[in-house]
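Below you'll find the structure, written out as structure tokens, and then a few comments.
The values are calculated or read from the model by the stated rules, or taken from the named source; none is laboratory data. As the structure is a computational prediction, the values presented were derived from the model and not from experiment. With ideal geometry, Cβ positions are generated from the backbone for all residues, glycine too; neighbour counts draw on all protein chains shown. Calculation scope for accessible area: heavy atoms of the full protein, side chains included, ligands and nucleic acids excluded. Shrake-Rupley method; radii C 1.70, N 1.55, O 1.52, S 1.80 Å.
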Amino acid sequence: MSSTSGKPSLKIYWTGSFSFRTDRLVDWCKENPELRAKLFLDLTQDARQENRAKTQLSSSKKDLHLHAARWIFENEEGIRPERFKENQKVYAEATGRQFSTLRSKYAELVKRLGQTGAGLDIGDLEKAAYKNIYGACFFTRLY
């Protein structure tokens, strides 16, 4: 398949044998709590409850997506460094879409449970009745 420029289009996968990329994305979120807060819009109410200043978004979301993409892809075996460098924008956009996908899955989880967590711990989510929810929600690893 080719793009309109004549170059082959670059497909970036996140599931199946590439699910380790989603794990790396979640690792980036865990390792960069301030950037994560900026990306997911730190709420004034949360900041007050935690007795801290609200985190402001000083960089664009695209810059944060690129930062995360570097974390995920730059040293991935099988991706030549020059390929990543030539296609940074494509990798950053794919990372942004994956953030959106995970955010949607998390919102679906919250809606299904009625509230965040609904009193369930990670052990409860791993039980068979909640297996699909647990598998769909990578955000449980952040907390």
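Tabulated results
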{"read-out": "Subset of region 52-72 that is over 17 Å from LYS89 (Cβ atoms) and not polar (S, T, N, Q) - its residue that is modelled with the lowest pLDDT", "value": "LEU57"}
{"read-out": "Residues located in region 63-104, provided they are surrounded by 13 or more Cβ atoms within 10 Å (Cβ to Cβ) and hydroxyl-bearing (Ser, Thr, Tyr)", "value": "TYR91, THR95, THR101"}
{"read-out": "Odd one out for LYS30, checked against (1) modelled with pLDDT of 90 or more; (2) farther than 25 Å from ASN87 by Cα", "value": "(1)"}
{"read-out": "Count of region 34-51 residues which are modelled with pLDDT of 70 or more and open to solvent by 70 Å² or more (accessible area, probe 1.4 Å)", "value": "5"}
{"read-out": "Considering residues of region 6-27 that are among the basic types (Lys, Arg) and modelled with pLDDT of 85 or more only, the residue nearest to GLU77 (Cα to Cα)", "value": "ARG21"}
{"read-out": "Region 89-102 - residue that is farther than 12 Å from ILE12 by Cα and in contact with a Phe, Trp or Tyr (Cβ under 9 Å, 6 or more places away or on another chain) and, of those, modelled with the lowest pLDDT", "value": "LEU102"}
{"read-out": "Hits in region 105-124 (condition: closer than 17 Å to THR15 by Cβ, open to solvent by less than 80 Å² (accessible area, probe 1.4 Å) and at pLDDT below 80)", "value": "TYR106"}
